[in-house]
Amino acid sequence: MELLKQADPNVQIGVTATGQQVINTSGELHLERCLRDLRTTFAPGIDFKVSEPLIGFLETIVPQLNRAKQAEMDAEKDRAKKNNEEDGEGLTAEDAWERKKQTEEKTK
C-alpha cells in the first residue's frame, strides 16, 4: 500500500478501527486503476478483498434569486447581447454584461 501511495500522490491510505485498510482516491476510475496497480505491480500474488466503493457526495446550497430579479437579469443580458450584435464589437454577451455593470458602478 505504501508503494502505491508513493507512486500516486493523489491516493490516501487509512486504517479503520476494525483494521481494514481504506484507499481514498479521486473517483471510481482512479480507484480501479489503483486496484489494478496493486494486483499487477505493487502486490502481485497477494489476495485481497475489495468491498463496494463508498462514494462521498458534497453539495453546496446557494441563495436563490427571486424570479423577478432573475428575469430582469436575463432580459438585461439578452439586451446586451442584441446591442453587441448590432455594434459588431465581437464581445460575448457576458463581456457586454460586465461592461454595462462596470459603467453603472462608475456612475453611482
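The values are calculated or read from the model by the stated rules, or taken from the named source; none is laboratory data. In this text the structure is predicted, and so the values were computed from the model without any measurement. Methodologically, a virtual Cβ is constructed for each residue, glycine included, from the backbone with ideal geometry; neighbour enumeration extends over all protein chains shown. Heads up: the accessible areas ignore ligands, DNA and RNA and are worked out on the full protein's heavy atoms, side chains in. Shrake-Rupley method; radii C 1.70, N 1.55, O 1.52, S 1.80 Å.
Heavy-atom surface analysis with a 1.4 Å probe gives the stretch 1-42 a carbon and sulfur content of 49 percent of its accessible area. Each of Gln64, Gln6, Gly19 was placed along the dipole of the chain (beta-carbon charges, centred on the mean Cα), and the one lying farthest toward the positive end is Gly19. The solvent-accessible area of Met73, taken with every protein chain present and a 1.4 Å probe, is close to 50 Å².
Lysine pair count for the chain with Cα-Cα distance under 29 Å and sequence separation of 8 or more or different chains is 21. Relative contact order of the chain: 14 percent, from C-alpha pairs under 8 Å at least 6 residues apart in sequence. Based on the reciprocal of the average 1/r between different C-alpha atoms, the Kirkwood radius for the chain equals 19.2 Å. Computed extension gain for Met73 through Lys5, at 0.36 nm per residue and net of the alpha carbon distance, reaches 19.6 nm.
Here the sum of -39500 (n - 2.57) over DSSP H runs of 4 or more residues, divided by the residues of the chain, equals -15500 deg cm²/dmol at 222 nm, to the nearest 500. With R₀ set to 41 Å, the beta-carbon distance separating Gln20 from Glu59 gives a calculated FRET efficiency near 0.90.
Would you mind getting the accessible area per residue of the chain, heavy atoms of the protein chains only, 1.4 Å probe, in Å²? Let's see the in-between values first.
Details: 9370 Å² over 108 residues.
Counting only protein heavy atoms, the per-residue value for the chain is 87 Å².
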